[in-house]
1. How would 202, 363 line up by accessible area, probe 1.4 Å, largest first?
2. Taking GluC sites (Glu not before Pro) as candidate sites, keep only those in a DSSP loop with at most 14 other Cβ atoms within 10 Å, then name the longest stretch of the chain containing none of them.
3. Accessible area of residue 173, 1.4 Å probe, to the nearest 10 Å²?
4. As an exercise, take the mean of 1/r over every pair of distinct alpha carbons in region 31-168, invert it, and state the Kirkwood radius in angstroms.
5. Beyond 32 Å between alpha-carbons counts as too far, so tell me which of 94/339; 300/327; 195/283; 124/339; 152/300 fall in that bin.
6. Simple spin-label model, 7 Å along Cα-to-Cβ: residue 352 to residue 13 in nm?
7. So if R0 is 30 Å, what FRET efficiency would residue 143 and residue 56 give, r being the distance between their Cβ atoms, rounded to the nearest 0.05?
8. Pairs of Cα atoms under 8 Å, at least six residues apart: use those to get the relative contact order of region 216-365, whole percent.
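The values are calculated or read from the model by the stated rules, or taken from the named source; none is laboratory data. None of the values given here were measured: they were computed from a predicted structure. Positions of Cβ are backbone-derived with ideal geometry, glycine not excepted, and every protein chain shown enters the neighbour counts. All accessible areas refer to the heavy atoms of the entire protein, side chains included, with ligands and DNA or RNA removed. Shrake-Rupley method; radii C 1.70, N 1.55, O 1.52, S 1.80 Å.
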Amino acid sequence: MSSPKKQPQKPTCKRIAVIPGDGIGQEVIPQAVKVIQASGADVEFADFDWGADRYLRDSTTVPPGGFAMLGRDFDAVLVGAFGDPRVKSNIHAKEILLGMRFQMDLYANVRPVRLLEAALCPLKGIEPKDVDFVVIRENTEGVYTDAGGVFKPGTPDEIAIQEDINTRMGVERIIRYAFEFCRTHTKLDGSPRAKVLMCDKSNAMTHAGGLWQRVFQEVSREYPQITPQHMYVDALCLQMVRDPRQFDVVVTNNMFGDIITDLAAGLQGGLGMAASGNIHPGKTSMFEPVHGSAPPIAGKNVANPFGAILTAAMMLAHLGMTREARKIEAAVLEAVRQKKTTEDVGGRLGTREAGEWVADRVSRG
Ligand code: ATP
């Protein structure tokens, strides 16, 4: 028999764990929740106070069994951001956010890059149809495993080693995920996705790069209808600002994915517009905006909630509620067109007001 917690009240009702976290996470996530409610999605929420305040209060980062509980009792997790200047070590962020990614094995970080309105893109002559690609970032390995150490710290002889961990299994599953994503998703205009580009630095990082190269070639042979492509990460950065039209699905490692998606967010109107999902197919997955806790603007009602709201739409689509997701995306698009936005993307509204505008639009949509 399953526990009562596991069973939602109605069979279709999805249970969402909500963890706003720190800084602007506490401002944007309530807006995302409000918009989900306005969409009529059949979900119920449970709030968690994991973050800097809790850590400073009772030294808890993740309560015992916390990740197992999320995986067992919830269909998805909606997260804000972690990071607070009062916690210099950033230990809570590491344990909560990286803990979720690693211990729940959320190996695919899916970051769509879409331009809603030409005015938001800093590049000349680029239209919304020109920016519609997806970065699939490996999320559980690489340099983020924190393997390594420091020898003779604080001396002139100090040695710091940061290991880059790449397993055959980890590399193969993320590359396969990218090809499957390409095979099963269309672009916003309805045309099929057709290209998977692997981004690495295999000319300099030969050992890890060699593994990625070999696996990419092997997996690509299973998908003859998809064009495999390759670019070094430095060349990709240049190409992304020269001509973003050429990208379709990009797959890369943990660190390069982190970096290039900040650059890619610049094409969309900034970090406040970018959404992401941390996914393990078939398991409870976690959704968070690309931006962090942004301490300089926290608590001022100026943070753009659209990244979080688009993240919520992504979560609903993942849970099978595509109608509600589309409604939310359409309302955000309309808000951008009518400049019912925060200042970072050209409007005059505060975080709450922008969220309320979208929620109102969604409830009438
Ligand atoms: P991390 O290290 O996790 O990336 P961070 O706090 O250093 O986090 P971000 O939160 O990603 O960095 O933000 C960097 C800057 O980008 C912020 O200080 C802010 O100026 C801008 N920014 C980020 N998110 C938003 C947002 N939602 N709305 C408006 N501006 C934002």
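1. Working: 202 20, 363 70 Å².
In descending accessible area the options line up as 363, 202.
2. On the way: sites that count: 158, 163, 222.
Looking at the chain, 1-157 is the longest stretch - no exposed GluC sites (Glu not before Pro) with at most 14 other Cβ atoms within 10 Å.
3. About 40 Å², rounded to the nearest 10.
4. On the way: mean 1/r = 0.0531 Å⁻¹.
Kirkwood hydrodynamic radius for region 31-168: 18.8 Å.
5. On the way: 94/339 36 Å; 300/327 28 Å; 195/283 27 Å; 124/339 20 Å; 152/300 43 Å.
Over 32 Å apart, Cα to Cα: 94/339; 152/300.
6. Here the modelled spin labels are 2.8 nm apart.
7. Working: r = 28 Å, r/R0 = 0.94.
With a Förster radius of 30 Å, E is 0.60.
8. Values: 156 pairs, mean separation 24.7, N = 150.
Relative contact order for region 216-365 comes out at 16 percent.
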